[in-house]
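A short write-up of the structure that comes next.
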Amino acid sequence: MTTKKFAQVGIDSPLRRLFDYRIPDAMPELKPGYRVIIPFGKRSLLGIVVKLIDTPSIDTSRLKIIQATLDDCAIFDAESFSLIRWAARYYQFPLGSALFSALPPALRKTKQDGDNDSIEFRWLATTNTSSEMLKRAPKQAAIYTWIKQHADGVTPKQLRDQFSSCSAIIKTLAQREMIQQVEIIQPTHVTQTPIANSLQLTEDQANVSQSILASLSQFTVHLLEGVTGSGKTEVYFSIITEVLKSAQAQVLILVPEIGLTPQLYSRLEKHFGITIGLLHSNITESQRKQTWLNISKGEIRIILGTRLAVFTPIPHLQLIVVDEEHDASLKQQEGFVYHARDVAIYRAKQLAIPIVLGSATPSFESIHNAKLEKFQHLQLNKRAHSDLMPKIQFADMRTERAGTILSSPLCKAMHSHLKEGKQVILFLNRRGYAPALLCHDCGWVAKCIRCDANMTYHSKTNKLICHHCDSRKHNPQQCPQCASNNLIMVGHGTQRIEEVLSEQFPDYSAIRLDRDITRRKGSLEKILDEIHQLKQQIIIGTQILSKGHDFPNVSLVGILDIDYGIHSSDFRALERSAQLLIQVAGRSGRRSIQGEVYVQTHTPDHPLLQTLLHEGYPAFATQALQSREEWKLPPFSHHIAIRARSQNSDDLFVFLEAVANTARQMLPAEISIQGPIIPSMEKKAGQFRAFILLVAAQRGLFSQSIDACLNQIETLPQTRKVRWSIDVDPIDNF
Ligand code: ADP
Ligand code: ZN
Ligand code: ZN
């Protein structure tokens, strides 16, 4: 019996508060982390118990009573629960909503919400019946006997394949209780023992691996900076092998986007020969729920997931690996805004376990922490297969004719590499055919009516598409402003490159690898297969190409346009461009061939680009960090952005001015309050956007007063006319 009579319950709502309920006397023991059904207004809602209390905050006579509990044990264990509590506080997000965001969607609903629809099940014959009972119903008998032959049960699909129309009979058999539905539980085995198919580690790999293993069972952050192809993954595997030697140990591997890198999953499976718990948003709800539950029961020992996996209850967690720790996809940008890498570091600290952050191009934050010796900095400077790193050169676009897409040195190199049977990658971070459509006579430009952005022309569909809100329009035959037919395409995207190649390199087949293509299910795998089987000689791709793919036969990479990132107003753009450049360059010469890379630019003399080229990423990062320090930019200061959007620009600015005033009154004077700042794209998907930036030299300055300040902002009457959100440690300037 619960001794406490009241519970604080969190619900999935933007309100920054919890709600008190009475626990009925007859209810079995409740604990924090149980899901309960509560009356809320006129509805019943699912809530999660946060705390049991003696004295509720409102008059007990007005208190409502919990209707039911869904769980017989807490859905979050104490450790994951306190992790989410911490993250909700740190990222200033309502605890109730944070708890719900951390749950797989299938567990966020009550049964009445239709949870059953999404459950995958099998039909199983009940044990003490026999087909004797069906003597006079031969069809029923046939189906029943067939089901009974399958001890593990059969899925509705298998049934349909075997007996074309059988739903009425199945219903009858179920009514007669001769067959029953069972939910499919992915088979897992508590005692799965990994098999280690380890490669012989190189000396460098072995050294790095040893330093990490020296700190098992204590909290250390290892920043593993290894050039592309240096075998970081093999290092992870060797550490994981050691960790899994202790009986129940579990390991969490976080990656930016699994969908784009199916290889890691299959490599893990092949290497360890045990079930890998996959957690990301692109699997069915019931699969995700089942995997989540199996992990939380300790039955799955290796967990591979995207950012959302960081909150999963993992009772015997002993190691965390964050691969490609610099990747912006590790940061959740909508709703519960958190950075999975930083949450993972906190989690490792609470558990006193090691965490490995791996990247060829670590984030400036992590490099800074390594310089401060908060992180242990480990380096792999050589590739596992050879000593050859790709040779990077600039192609100076100023010496080419205006509008040139493929520079002459790049074309020359392409011919020679292709002739030798090698493959070539052309990288351009712009999908579509042309990023702008312009009227030559009056200067009209096709703009999105919902965004401050040009529409991109897509030749495959002959449509104009906005890449920011996905609005689509037919391609106009003439200028809507002056009726001229003189419409011209400005600039180029991946589709145009495809066209250029078919003119300039007609003897070689080329394939595009961008989101327009990979959106279709299964097509990414198909394209990757074709590339591996050398059916395609030239690969044109967007940043999907930077995501750790291993193409052994690629020896040349052309980066078609790096200038965008250099001239951007976002102070992080240069860091991102450099990371992208090095990652894409790293796709070349992965085996014992010398890779070559051409970077096309109009500013080859840019001092930081020169450093990157001649001295490498670490030197570039050191130099760029010095200028961050001079300008007191992160990681040398700490930011909180209060963002807002509204269809009405006046409402937006009235709100943000009120926010700034409140902040000025309530926050210490050392915190500088900047804005409203208007992002380069002020209007997006029909909404005006802007933000207030709070800047503090030390993070600690926020801790005293930020809660009260945000609670005050929540009560501002102007909030009603906008949507607003808080972004702690923002990584984007919008
Ligand atoms: P990274 O993750 O650093 O990019 P990978 O772990 O994917 O590198 O390794 C790159 C390639 O080198 C892979 O094909 C991998 O199988 C191979 N490799 C890594 N380590 C070794 C090793 N010790 N011996 C032989 N091959 C290795
Ligand atoms: Zn015109
Ligand atoms: Zn748009």
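The values are calculated or read from the model by the stated rules, or taken from the named source; none is laboratory data. Small disclaimer: the values here were computed from a predicted structure and weren't measured. Backbone-built Cβ (ideal geometry, glycine too); neighbour counts: all protein chains shown. These area figures cover heavy atoms from the full protein model, side chains too; ligands, DNA and RNA do not enter into them. Shrake-Rupley method; radii C 1.70, N 1.55, O 1.52, S 1.80 Å.
So if I check each of Gly335, Gly358, which one is in a strand (DSSP E or B) and either under 25 Å from Thr622 (Cα atoms) or not basic (Lys, Arg) (or both)?
That would be Gly358, the only listed residue that is in a strand (DSSP E or B) and either under 25 Å from Thr622 (Cα atoms) or not basic (Lys, Arg) (or both).
Go through (1) surrounded by fewer than 19 Cβ atoms within 10 Å (Cβ to Cβ); (2) modelled with pLDDT under 95; (3) of a type outside the set (Lys, Arg); (4) away from ligand 1 (no atom under 16 Å from the Cβ) and name the single condition Ser386 misses.
Just one mismatch for Ser386, condition (4).
Tally time: how many residues in segment 7-19 are over 13 Å from Ser97 (Cα atoms) and open to solvent by less than 20 Å² (accessible area, probe 1.4 Å)? Steps first, answer last, please.
First, the residues of segment 7-19 that are over 13 Å from Ser97 (Cα atoms): 7-8.
Then drop every residue that is not open to solvent by less than 20 Å² (accessible area, probe 1.4 Å), which leaves 7.
Residues meeting the conditions: 1.
Looking at Ala402 and the list (1) within 16 Å of ligand 3 (Cβ to nearest atom); (2) open to solvent by 50 Å² or more (accessible area, probe 1.4 Å); (3) among the aliphatic types (A, V, I, L, M), which single condition is not satisfied?
Going through the list (1) within 16 Å of ligand 3 (Cβ to nearest atom); (2) open to solvent by 50 Å² or more (accessible area, probe 1.4 Å); (3) among the aliphatic types (A, V, I, L, M), Ala402 breaks only (1).
Determine which member of the set His417, His440 is over 30 Å from Ala340 (Cα atoms), touching a residue at least 40 places away in the same chain (Cβ under 8 Å), within 16 Å of ligand 2 (Cβ to nearest atom) and of a type outside the set (A, V, I, L, M, F, W, C). Give the steps one after another, and end with the answer.
Working: His417 fails: within 16 Å of ligand 2 (Cβ to nearest atom).
Of the residues listed, the single one that is over 30 Å from Ala340 (Cα atoms), touching a residue at least 40 places away in the same chain (Cβ under 8 Å), within 16 Å of ligand 2 (Cβ to nearest atom) and of a type outside the set (A, V, I, L, M, F, W, C) is His440.
Please find, among Gly273, Gly226, the residue that is modelled with pLDDT of 90 or more, open to solvent by less than 60 Å² (accessible area, probe 1.4 Å) and closer than 26 Å to Asp342 by Cα.
Exactly one of Gly273, Gly226 is modelled with pLDDT of 90 or more, open to solvent by less than 60 Å² (accessible area, probe 1.4 Å) and closer than 26 Å to Asp342 by Cα, namely Gly226.
Would you be able to tell me the number of residues in segment 346-370 that are in contact with a Pro (Cβ under 7 Å, 6 or more places away or on another chain) and crowded, with 24+ Cβ neighbours inside 10 Å?
Residues that pass the stated criteria total 0.
Give the number of residues within segment 468-495 that are within 29 Å of the chain's Cα centre (by Cα) and either within 16 Å of ligand 1 (Cβ to nearest atom) or open to solvent by less than 60 Å² (accessible area, probe 1.4 Å) (or both).
Taking segment 468-495 and keeping what is within 29 Å of the chain's Cα centre (by Cα), we get 468-472, 492-495.
With either within 16 Å of ligand 1 (Cβ to nearest atom) or open to solvent by less than 60 Å² (accessible area, probe 1.4 Å) (or both) added as a condition, the list becomes 469, 471, 492-495.
Looking only at that region, the number is 6.
Give me the residue from segment 229-254 that is open to solvent by 10 Å² or more (accessible area, probe 1.4 Å) and assigned to a loop (DSSP other than H, G, I, E, B) and, out of that set, nearest to ligand 3 (Cβ to nearest atom).
So, considering only residues that are open to solvent by 10 Å² or more (accessible area, probe 1.4 Å) and assigned to a loop (DSSP other than H, G, I, E, B), the one nearest to ligand 3 (Cβ to nearest atom) is Gly229.
Out of the strands (runs of 3 or more DSSP E) lying entirely within segment 629-734, which hold 3 or more residues that are surrounded by fewer than 16 Cβ atoms within 10 Å (Cβ to Cβ)?
Hits in segment 629-734: 672-677.
Tell me, yes or no, whether segment 519-530 has at least one residue that is open to solvent by 70 Å² or more (accessible area, probe 1.4 Å), closer than 17 Å to Ser459 by Cβ and either touching a helix residue (DSSP H, G or I) at 6+ places or on another chain (Cβ under 8 Å) or outside the structural domain of Ala573 (by TED's automatic domain parsing) (or both).
Looking through segment 519-530, none of the residues is open to solvent by 70 Å² or more (accessible area, probe 1.4 Å), closer than 17 Å to Ser459 by Cβ and either touching a helix residue (DSSP H, G or I) at 6+ places or on another chain (Cβ under 8 Å) or outside the structural domain of Ala573 (by TED's automatic domain parsing) (or both).
Counting just the residues of segment 561-609 that are open to solvent by 40 Å² or more (accessible area, probe 1.4 Å) and either on the phi > 0 side of the Ramachandran plot or part of a helix (DSSP H, G or I) (or both), which one comes out modelled with the lowest pLDDT?
Taking the candidates together, the pick is Tyr564.
If we scan segment 452-462, do we find a residue that is basic (Lys, Arg) and either within 16 Å of ligand 3 (Cβ to nearest atom) or assigned by TED's automatic domain parsing to the domain that holds Arg590 (or both)?
No, segment 452-462 contains no residue that is basic (Lys, Arg) and either within 16 Å of ligand 3 (Cβ to nearest atom) or assigned by TED's automatic domain parsing to the domain that holds Arg590 (or both).
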